[in-house]
Amino acid sequence: MDDLTVTTLHVPGARWILKGLEEMTTWARMSFKPTKSRSLVLKKGKVTNKFCFTLAMTQIPSFTEKPVKSLGKVFNCSLKDTAAVRATNLELEGWLAVVDKSGLPGKFKAWIYQHGTLPRILWPLLIYDVPISTIEGFERRVRRFLRRWLGLPRSLSSIALYGQNNKLKLPIISLNEEFKVSRAREVLLYRESRDLKVSKAGIEVRTGRRWRAAEEVKVAESRLRHRELVGAVAYGRAGLGSGTTSRYNKAQGKDRRSLVQQEARAAVEEERASRMVGMRQQEAWTRWEHAVDRKVTWAELWKAERHRIRFLIQAVYDVLPSPSNLFSWGLVESPACILCLKRGTLEHIISCCSKALGEGRYRWRHDQVLKAIARTITCGIGHCKRLRSVKKTITFVRAGEKPLLAARTTSSGLLATAQDWELEVDLGKRLKFPGTAATTSLRPDMLLISETSKHIILLELTVPWEDRIEEANERKREKYAELVEECRNNGWRARCEPIAEGLLASLSAEPTTSWVSQGPASEGPSKRSQRQQKLPQGGCG
């Protein structure tokens, strides 16, 4: 035993216990270190220095004379955490200022904050009684630096930075969310401690009046019990039974605490969603039901150009300086597009303006996405052919040994059903539709044909605005419905698979498949470099 705490109701009792402890340690040939010890006397709720205590003829210093620091927490005679919270605030400002002046690119500054500054600031916020209003002030300061480092406007909501249910997820963690989860975990650790003196002590985790950790834990537990009673439910288009339910009543220890913490995070995310729905412009992504979610990792953030990430985030939340936004911000006199004089919204500029997308730009963007899809399918065909060419070998196992898990040499899926798959792509040359299947003048974007299995797949690509993905799918299926039926009547197994790539999703692709950083093939290098500089900064034109 290294540390020892003595608590008594009266000063004589404390002196009597110290005298007995000194006799016992002397008998055991040990000794206390009075200079490392501290004394504290409270009289009517206030600290007093009228009494002193001694060990081995050496006076024990009081908290008033020498404050002590234990596990990062400073104990002094004030018995309040106000000074410590103020010091933590100054430390946070200092760390952010140092990172801001480091001269590194903005995305590296954001990474340093999340993996360096955030873990260091969470510990003092955990050991001190910090109200939630102070944490919100810290987060406002952090958001200001993050927006500056990533080149984002001040009008962008914090939900765009921290939301985990957004269509575009950034790898940045919210200080407010981590604080709430850590406080909820602290409540569970006190309540479920194996030491009865700790679990029955009634320790209260104080976080201010606006948000209480104990109440949040009760709400999370009630939601978990309700979810267990309801059972597995279907989300979106997933069928019944596709989801799993957590057995909260049967969970114990760490697993039980983990479920409560996940529910606390879900509550924070629901609060963000309710705030986002109340926004008129930045909540447009909530209506993209058929768009695939995009999660940006730190590795992608490092490799991507700064203007590309900046343009992508602003485009998803519609805070680019389009004519319509500039008019609503009071910076221009008219919201009209300067090319066609229609209302210059973001959707109009990059998806509907006939003049802005003229001169082959729309076709060029379509072909770049088509090349990427065709390259992936070609690699899949080659991979299936290589797997079939691998010869099966017999693996001998010694007595008493377990067989090693062999690598999977077979592939399931459509491409593994035949060896003569051929891919025809409508890129500069007319597709050769099999005459034995049908005779048509239609030109699908891609044809995947197998003569031996008499299988033909029509792939039709469209790059619509995210609101119109389902409409584009239905239109393409209806367009090729008669052709597919004719192929089936001629003995072919045919089907049409429309591919709808969201416009903003195509903007976030690699430079070879995106029209944001490159211009059409007809443009020269100088024009392409001009477009790289003008598009993200000047808005959408």
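Quick notes on this one:
- Once the Cα atoms are used to define both axes, helix 306-316 deviates from the longest principal axis of the chain by about 80 degrees.
- Enclosed volume per residue, in Å³, of the convex hull spanned by Cα atoms of the stretch 131-184: 83 Å³
- If you plug the beta carbon distance of Ala267 and Trp16 into 1/(1 + (r/R0)^6) with R0 = 51 Å, you get a FRET efficiency near 0.50.
- Cα long-axis angle, helix 213-230 against the chain (0 to 90 degrees, to the nearest 10): 50 degrees
- Residue order, fewest to most beta carbons within 10 Å, for Phe396, Phe179, Phe433, Phe63: Phe396, Phe63, Phe433, Phe179
- Mean shadow area of the stretch 296-352 over all directions, Cα convex hull, nm²: 4.6 nm²
- Annotation for Thr35 and Val68: the two label points, set 7 Å from Cα along the Cα-Cβ direction, are 1.5 nm apart.
- Entries of Lys169/Lys429; Lys200/Lys254; Lys19/Lys44; Lys44/Lys180 with Cα pairs more than 29 Å apart: Lys169/Lys429; Lys44/Lys180
- Between Glu192 and Glu215, the simple label model (points 7 Å from Cα in the Cβ direction) yields a spacing of 2.3 nm.
- The length gained by stretching the chain between Cys340 and Ala251 to full extension, at 0.36 nm per residue less their Cα-Cα distance, is 25.8 nm.
- Taking Thr134, Thr395 and counting other C-beta atoms within 10 Å, the order from fewest to most: Thr395, Thr134
- For the chain, the relative contact order is 10 percent, taking Cα pairs closer than 8 Å that sit 6 or more residues apart in sequence and dividing their mean separation by the residue count.
- Modelled label reach - Val292, point 7 Å along Cα→Cβ, the stretch 344-382 residues with backbone N closer than 18 Å: 366-381
- Structure-derived Kirkwood radius over Cα pairs in Å: which label, when the choices are (1) 34.4; (2) 29.8; (3) 24.6: (2)
- Judged by the mean number of other Cβ atoms found within 10 Å, the most tightly packed of the peptides 216-226, 344-354, 9-19 leads the ranking 344-354, 216-226, 9-19.
- q = 0.14 Å⁻¹, the stretch 11-75: log10 I(q)/I(0) [Debye, one scatterer per Cα]: -0.47
- Cα gyration tensor shape for the stretch 82-277, rounded if a/c is under 1.5, else prolate or oblate: oblate
- Restricting attention to the chain, close to 60% of DSSP beta bridges with both partner residues there are antiparallel.
- If R0 is 41 Å, the Cβ-Cβ spacing of Arg223 and Arg280 corresponds to a FRET efficiency of close to 0.85.
- Farthest toward the positive end of the dipole of the chain, out of Ala299, Leu96, Trp27, is the Cα of Trp27, where the dipole comes from beta carbon charges about the Cα centre.
- In this structure the amide hydrogen of Val68, modeled in the peptide plane, comes within under 5 Å of the amide hydrogens of Phe75, none closer than 5 places in sequence on its chain.
- Spacing of the modelled spin labels on Val47 and Ser441, each 7 Å from Cα toward Cβ, amounts to 9.3 nm.
- FRET efficiency, 1/(1 + (r/R0)^6) with R0 41 Å, evaluated for Ala87 and Thr26 via beta carbons: 0.50
- Here the Karplus relation 6.51 cos²θ - 1.76 cosθ + 1.60, evaluated at θ = phi - 60°, turns the backbone of the stretch 142-155 into coupling constants of 5, 4, 4, 6, 5, 4, 5, 5, 8, x, 9, x, 5, 6 Hz, with x for every Gly and Pro.
- Relative exposure of Thr64, Thr5, judged by other C-beta atoms within 10 Å (fewest first): Thr5, Thr64
Bear in mind these aren't lab numbers, they're just calculated from the coordinates by the rules spelled out. Here the structure is a predicted model, which is why all the values come from computation and not from measurement. Backbone-built Cβ (ideal geometry, glycine too); neighbour counts: all protein chains shown.
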